[in-house]
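The values are calculated or read from the model by the stated rules, or taken from the named source; none is laboratory data. This structure is a prediction, so every number in the text was calculated from the model and none was measured. When we count neighbours, we look across all protein chains shown, and the Cβ atoms used for this are built from the backbone with ideal geometry, even at glycine.
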Amino acid sequence: MNELSHLIEESAAKLFEGFALSNGAEEMEAGVFPEALWQAFINDGWLQTMLAEEKGGAGLGLAGGCVLMRLAGYYAVPLPVVESLMAVYLLAESGQAVADELYIPVIVKAGLTDAEQFELAGVPWARYAAGMVLVLPTDNGCSICIVKQQDMQLTNGANMAGEPRDDVRIKIQLLRDAKPVDGVSVERIKSWLALGRAAQLSGALQRTLEMTVNYATERKQFGREIAKFQAVQQQVAVQAEHTSAARCAVDASMAHLGSEQEWECIAAAKITAGEAAGISAKTAHAVHAAIGFTQEYSLQLSTRRLWSWRDEYGNEAEWSIQLGEYFMQLAGDDIWHQLTKQTA
């Protein structure tokens with residue numbers, strides 16, 4: 001990343017650290033949108049992070065957005081960072097107006113029936129959004145349709161982290177206004193959303209590891225720090241390995257955006273981050289014991305997100321099946337080349 005990217009990352013880290021010290025997470029879980037945090041986020045222009053400079057953005061693209069998403073995961077930011085950045089990016093790519101409002105991108109499956117309405121399950125933050133950016137498959141790629149809040153019927157829900165995950169019913173006639181997006185498939189957009197979650201997971205994994213190491217070096221049992229017990233050392237070492245693997249996989253995906261290996265790198269990143277989430281959360285709570293589950297102790301903010309995010313935009317089992325099927329379709333001589341080829 002260039003010097004501008006580093007400056008932006010430092011600025012975002014300072015902002016998100018302030019968010020972590022606020023009561024935003026408590027507000028969100030109590031059913032109140034953290035409006036002050038959201039206004040601070042958009043007032044600094046973070047919604048345009050991924051947009052090209054000629055479109056009024058910072059010009060950092062999807063890779064730059066992933067850096068922001070990773071920081072949001074590290075600080076357990078109680079805002080729809082992935083969704084808001086991706087919605088603005090998709091709107092700009094489709095040539096539509098971009099406003100400082102919350103829109104949520106949602107993939108719509110093919111084969112809708114002739115019924116008057118259809119339902120979307122577990123839409124992130126839908127109740128607080130100005131609308132949704134629906135991504136629909138077409139013969140030539142995909143199309144995008146904007147549905148406003150007043151045209152949605154909502155049933156509130158939440159994931160394990162307390163983040164809003166709402167069921168939404170929409171009249172199918174609204175899809176007639178969809179506009180085509182050239183050169184981008186539904187599967188590719190889905191993979192971008194999965195990469196965003198993987199980036200958040202890598203941030204939460206890093207935070208969980210740091211808290212575990214710090215606690216193990218401070219907590220004493222039988223007259224010495226528990227970090228000096230070989231059993232604890234071994235568990236934390238495995239946790240650190242999986243955390244590092246997840247970050248490396250996300251970094252590799254960011255480096256291969258726009259290349260022939262983009263999709264399979266993202267699939268590997270979501271798989272690796274999802275597997276690491278289970279191991280990291282289990283180890284962290286084993287080391288922390290009872291205190292790790294208390295509301296007053298911030299470990300649960302990270303581990304509940306690990307448990308939730310690993311299943312969103314495809315869990316590791318789903319991505320493993322897709323990745324396996326992809327390689328099974330390759331000719332025998334092409335598999336090794338696909339696994340080992342380099343990109344510029």
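If you check A72, A58 for being among the small types (G, A, S) and modelled with pLDDT of 95 or more, only one passes: A72. Across the range 119-151, the qualifying residues are those that are among the small types (G, A, S) and part of a strand (DSSP E or B), and the one among them that is modelled with the lowest pLDDT is G141. Is it fair to say A246 is in contact (Cβ under 8 Å) with a residue 12 or more places away in the chain, of a type in the set (A, V, I, L, M, F, W, C), in a helix (DSSP H, G or I) and not assigned by TED's automatic domain parsing to the domain that holds K109? Judged against the criteria, A246 is a match. Taking the criterion of being among the charged types (D, E, K, R) and under 19 Å from the mean Cα position of the chain (by Cα), the residues of the range 168-194 that qualify are E187, R188, K190.
Summed over the range 81-122, residues that are buried (at least 16 other Cβ atoms within 10 Å of the Cβ) and without any contact (Cβ under 8 Å) to a residue 24 or more places away in the chain total 0.
One line per residue, one yes/no per condition, for (1) at pLDDT 95 or above; (2) touching a Leu at 6+ places or on another chain (Cβ under 8 Å); (3) assigned by TED's automatic domain parsing to the domain that holds A227:
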| site | (1), (2), (3) |
| --- | --- |
| A269 | yes, yes, yes |
| T272 | yes, no, yes |
| H285 | yes, yes, yes |
| E318 | yes, no, yes |
| L323 | no, no, yes |
| M328 | no, no, yes |
| W336 | no, no, yes |
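Among the residues in the range 49-72, are any of a type in the set (S, T, N, Q), in contact (Cβ under 8 Å) with a residue 40 or more places away in the chain, surrounded by fewer than 21 Cβ atoms within 10 Å (Cβ to Cβ) and outside the structural domain of Q200 (by TED's automatic domain parsing)? No.
Taking each residue of the range 287-309 that is touching a residue at least 24 places away in the same chain (Cβ under 8 Å) and assigned by TED's automatic domain parsing to the domain that holds R207 and looking for partners that are buried (at least 20 other Cβ atoms within 10 Å of the Cβ) and β-branched (V, I, T) with beta-carbon atoms closer than 6 Å, six or more apart or interchain, yields V287/T212; S302/T208. For the range 12-43, residues that are polar (S, T, N, Q) and either touching a His at 6+ places or on another chain (Cβ under 6 Å) or exposed (fewer than 13 other Cβ atoms within 10 Å of the Cβ) (or both) total 2.
Restricting the range 1-55 to residues that are part of a helix (DSSP H, G or I) and among the polar types (S, T, N, Q), the residue that is modelled with the highest pLDDT is Q39.
Take A161 and decide whether it is over 17 Å from M86 (Cα atoms), of a type in the set (A, V, I, L, M, F, W, C) and touching a residue at least 24 places away in the same chain (Cβ under 8 Å).
Criteria met by A161.
Scan the range 108-149 residue by residue and report those that are within 12 Å of K171 (Cα to Cα) and aliphatic (A, V, I, L, M). Answer for the range 108-149, where residues must be within 12 Å of K171 (Cα to Cα) and aliphatic (A, V, I, L, M): L112, A115, L120, V147. Among the numbered conditions (1) within 23 Å of A317 (Cβ to Cβ); (2) at pLDDT 95 or above; (3) touching a Gly at 6+ places or on another chain (Cβ under 9 Å), the only one that R207 does not meet is (1).
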